Amino acid sequence: MIQGMIGLQEGSGRVRKKAPEKVLWLHATVVGCQPKIWRRLCVRETMWLSRLHDTLQVAFDWYDYQTHSFQFDQQRYGNPLRRDELTIEDDRDVTLADMDVANRTRFAYGYHFGDGWMVELLVEKVVTVEKGQRYPRCLAGERAGPPEDCGGIESFHDMLACLQETSTDLNREWREWVGPEYEPSVCDPGKIDKALRKMGR
């Protein structure tokens, strides 16, 4: 009996090795835009959803002026809201691990309800934390994000067409509005990555 108790104590005293932290590769695409606008992001599973929101804002060069929410099946998290049948929980209280994102195929992020943007997030793969690496990271991407407050998908496509007609009044109006540095075809993952590092952990 005494030997059995000793064995139990020895067994209960064993320390299980902690599983390595997971890192998710997310492919983020702005729904409806042609040509496609996308980013490949690398984030920790322990990241708060609110920080993933910050990451997407940086990735697409938005300024967090509008409301946002993440959608996981019937659950929504973002700017807290309870109105009629719509409930949005606070995304500052939940992590990607809490939502079991590593075992999901996809989820969605909406920015600016109404004439705004929907981003589809695909889980491309799950790896472990790379020693000495900082997260989040931007690994790749194509095309500049739609400018903040440009009016939604239809207006954005009209803007792209006008920017190609260099001799028109509409071209001059749009160019003045977006600024001379805006180039729709250009995405600089290195620049995005640098901005994400400044964002902090």
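Of note:
- Entry remark, region 148-173: residues being without any contact (Cβ under 8 Å) to a residue 60 or more places away in the chain and either closer than 17 Å to residue 62 by Cβ or in contact with a strand residue (DSSP E or B) (Cβ under 7 Å, 6 or more places away or on another chain) (or both) number 5 in total.
- The condition of being modelled with pLDDT under 95 and either among the charged types (D, E, K, R) or closer than 30 Å to residue 63 by Cβ (or both) holds for residue 17.
- Options 92, 39, 51: the member that is in contact with a helix residue (DSSP H, G or I) (Cβ under 7 Å, 6 or more places away or on another chain), outside any loop (DSSP other than H, G, I, E, B), charged (D, E, K, R) and crowded, with 19+ Cβ neighbours inside 10 Å: 39
- Condition broken by residue 60, with the remaining ones in (1) modelled with pLDDT of 95 or more; (2) aromatic (Phe, Trp, Tyr); (3) over 17 Å from residue 199 (Cβ atoms) satisfied: (3)
- Matching residues, region 133-192, being of a type in the set (D, E, K, R), modelled with pLDDT of 90 or more and either assigned to a loop (DSSP other than H, G, I, E, B) or under 22 Å from residue 120 (Cβ atoms) (or both): 134, 137, 142, 143, 154, 183, 188
- Residue count for region 100-119 under the criterion of being without any contact (Cβ under 8 Å) to a residue 24 or more places away in the chain and assigned to a strand (DSSP E or B): the result is 1.
- In region 177-188, the residues that are over 14 Å from residue 149 (Cα atoms) form Cβ pairs under 7 Å with partners that are assigned to a loop (DSSP other than H, G, I, E, B) and at pLDDT below 95, at six or more places apart or across chains, as follows: 182/147.
The values are calculated or read from the model by the stated rules, or taken from the named source; none is laboratory data. Since we're looking at a predicted model, the values are computed, not measured. Reconstructed Cβ throughout: ideal geometry from the backbone, glycine too, with neighbour counts over all protein chains shown.
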